[in-house]
Structure formats: structure tokens, C-alpha cells
1. Of all residues in the range 209-229, count the ones that are among the β-branched types (Val, Ile, Thr), within 15 Å of GLY259 (Cβ to Cβ) and under 14 Å from the mean Cα position of the chain (by Cα).
2. Is it true that some residue in the range 88-107 is within 25 Å of GLY217 (Cα to Cα), β-branched (Val, Ile, Thr), surrounded by fewer than 18 Cβ atoms within 10 Å (Cβ to Cβ) and modelled with pLDDT of 95 or more?
3. List every residue pair whose Cβ atoms sit under 7 Å apart, with the two residues 6 or more apart in sequence or on different chains, where the first one lies in the range 44-56 and is among the aliphatic types (A, V, I, L, M) and the second, anywhere, is assigned to a helix (DSSP H, G or I).
4. Given the condition free of Cβ contacts under 8 Å to residues at least 60 places away in the same chain, open to solvent by less than 60 Å² (accessible area, probe 1.4 Å) and in a helix (DSSP H, G or I), answer yes or no: does some residue in the range 170-180 qualify?
5. At pLDDT below 75 and out of contact with any strand residue (DSSP E or B) (no Cβ under 9 Å at 6 or more places or on another chain): is that true of ALA20 in this structure?
6. Of the residues ALA185, ALA143, ALA103, which is under 17 Å from GLY203 (Cβ atoms) and among the small types (Gly, Ala, Ser)?
7. Tell me which residues, restricted to the range 72-118, are among the aliphatic types (A, V, I, L, M), closer than 16 Å to HIS172 by Cα and under 16 Å from the mean Cα position of the chain (by Cα).
8. I'd like to verify a number: residues in the range 29-57 that are in a helix (DSSP H, G or I) and under 17 Å from PRO67 (Cα atoms), how many?
Amino acid sequence: MTSHALPGTSGSSGAPSATATPAVAARRIRPARLALQIASLALCLLGWHVATRYRLHFGVVTFENVPTPSETFEAAWTLLQSPKLLRHLGSSLSRVGWGYLSAAVLGTLAGLLIGRSTWIRLGLLPPLEVLRPIPAVAWIPLAILMFPSSEVSMIFITFTGAFFPILLGAIHGAESVDPRLVASARSLGAGQWSVLREVVLPGAAQGIVTGLAIGMGTSWFCLVTAEMISGQFGIGYYTWESYTVQRYPDIVVGMLLIGLLGMGSSALVRVAGRLVTPWLAVSGSAR
């Protein structure tokens, strides 16, 4: 009697076929990855507790004055009940939003132009490369002199931090476009803007999305630096104020808030990037 194998299985052994293997493997790996991530966070929390509970010393590093996890969670709960939390979050989110969106638009456009035009590259890239290594904190005195409002100066610092990663991502993405695709589109009668829209943008999308995600993280870093110096509200100001009045658990709360906001916003950028570039996921799974 001839036996018939079910779809997705081999005839005698019942093992998954080659076409079903990636999906089955992904379902099996996903819980393991989640468990590893949870275990990693738990291990870090345990190390923090032990180091601060017993006031450990490691050479030049000491945990004598570092707050314990329980003290930090107590301070976090107090902040959650405070009306100032929304004011701090609103101020920081507004500054990041305006600075990052401006950097996303200008950085992407400038990167595409530099990546596709030799003359624009020669004209714009040298001064940008001189400005790129300058840290955000070095811009703060000049920003205060340039802008009459401290609010605008902090937005400018955030813009500066996000602009260069986005610019470099767009440049590398535009440079990675296959020249044969551009030549094929032009041979079919596509104009310059059609080539940019239909060929260059899809080809450069991966580099652009990567630059946008990195730029979001650096924008938070730069914003906190600016808020510590010239802010009156915001997570950076809250963290620095906690240090000046010696509320040490609140310092850790502010640091954790910065980390969570930066991680969450970068993840949102990556998710949005996958939604607007579905062909990248298809090509990645094909490989």
C-alpha cells in the first residue's frame, strides 16, 4: 500500500519539509529568545541589588552611595504620583519631536542628494564632515547665543544630534543603489525625479531606516545634555536637579526613564520603517 505524506512532512519520518522548516524554527526560537532577554534583565537587576546592598568596591568603582533597586522603585512610584511627571515628559517629548522631525526631513533629503550627485557631494560633504564630530555639549553655548529662546536652543541641540546619523544613513543607502537599475529606468524613459522616486528611494530605504533609528537614540542623548544645562522642565533637568539636591534614587529613575523613552521611540521608528518598506522583509526572508 502506498503511503501519502501530509503537506509539510516527509513520507516516512514525519520530519518537516524544507519549506516548513524556517517557520517552525522561528516559532521554536521566539520563546527561547524572550526567555533569554528576561533572564538577562533579571541577572542585571540581581547584580545591581547585590552590589548596592553590600556596598561593594571594585577598584576605582564603588557602590557606596548608589541607591538600591528598592529605593529606586520607591522613588519611581513617588514620581508617578507627582503632577510634575507629565510636565517633564511633555517638555522632553515636544523637544525631541520637533528636533527629530526636522532632522529626519533635512537629513534624508541632503543624504539622498549627496549620495547621488558628485557636485553636491563636493559642495556639501566637506563642511558637514567638519561639523559632524563636534559633540552636542559643545554646541550649547553657541546655541544660546544664536537663539533668543532656550526652548529653541534645546530643539536645535536635539536636531544636531539626530541630523548626522540620518544624513549618513541616507548617503550610504543612496550609494548602495545598483547602477544597473538606474540605467534600466533611464533607458525606459524615466526622468530624474521618477528615478529618484521609483528606484533610488526604495533602494536606499534600508540605510535610511537604520539612520532614522540611530538618530532617534542620539537625539535623546543630546536633549538630556541640553536640558541639564539650560532646561527648566524635562527628564534631563529632573535628573540633574535630583543630583544637586542629593536625591540619589531619583537620579536612577531619570536615567531609566531616558533609557526607556529612547529604546521605545527607536523601536517605533524601526516598526514604522518595516511597515513602509515591506519589500525589505520579503527580500530578507528570501535570503
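The values are calculated or read from the model by the stated rules, or taken from the named source; none is laboratory data. Treat the numbers as computed from the prediction; the structure is a model and nothing was measured. With ideal geometry, Cβ positions are generated from the backbone for all residues, glycine too; neighbour counts draw on all protein chains shown. For accessibility, only protein heavy atoms count, side chains too; no ligands or nucleic acids. Shrake-Rupley method; radii C 1.70, N 1.55, O 1.52, S 1.80 Å.
1. Counting residues in the range 209-229 that are among the β-branched types (Val, Ile, Thr), within 15 Å of GLY259 (Cβ to Cβ) and under 14 Å from the mean Cα position of the chain (by Cα) gives 1.
2. Looking only at the range 88-107, we keep the residues that are within 25 Å of GLY217 (Cα to Cα), and these are 88-107.
Then drop every residue that is not β-branched (Val, Ile, Thr), which leaves 96, 105.
Right, trim to surrounded by fewer than 18 Cβ atoms within 10 Å (Cβ to Cβ) and you get 105.
The next check asks that each one be modelled with pLDDT of 95 or more; those that pass are 105.
Checked against the condition, which is being within 25 Å of GLY217 (Cα to Cα), β-branched (Val, Ile, Thr), surrounded by fewer than 18 Cβ atoms within 10 Å (Cβ to Cβ) and modelled with pLDDT of 95 or more, the range 88-107 yields at least one hit.
3. Short answer, once both residue conditions are applied: LEU45/PRO69.
4. No, there is no match, as no residue in the range 170-180 is free of Cβ contacts under 8 Å to residues at least 60 places away in the same chain, open to solvent by less than 60 Å² (accessible area, probe 1.4 Å) and in a helix (DSSP H, G or I).
5. Working: at pLDDT below 75: yes; out of contact with any strand residue (DSSP E or B) (no Cβ under 9 Å at 6 or more places or on another chain): no.
Answer is no for this residue.
6. On the way: ALA143 fails: under 17 Å from GLY203 (Cβ atoms); ALA103 fails: under 17 Å from GLY203 (Cβ atoms).
None of the others qualify; the one that does is ALA185.
7. Filtering the range 72-118 down to residues among the aliphatic types (A, V, I, L, M) leaves 75-76, 79-80, 85-86, 89, 93, 96, 101, 103-106, 109-110, 112-114.
Imposing the further condition that a residue be closer than 16 Å to HIS172 by Cα reduces the set to 104, 106, 109-110, 112-114.
Residue satisfying the conditions is ALA104 alone.
8. Filtering the range 29-57 for residues in a helix (DSSP H, G or I) gives 29-53.
Okay, now just the ones that are also under 17 Å from PRO67 (Cα atoms), so 44-53.
Of the residues in that region, 10 qualify.
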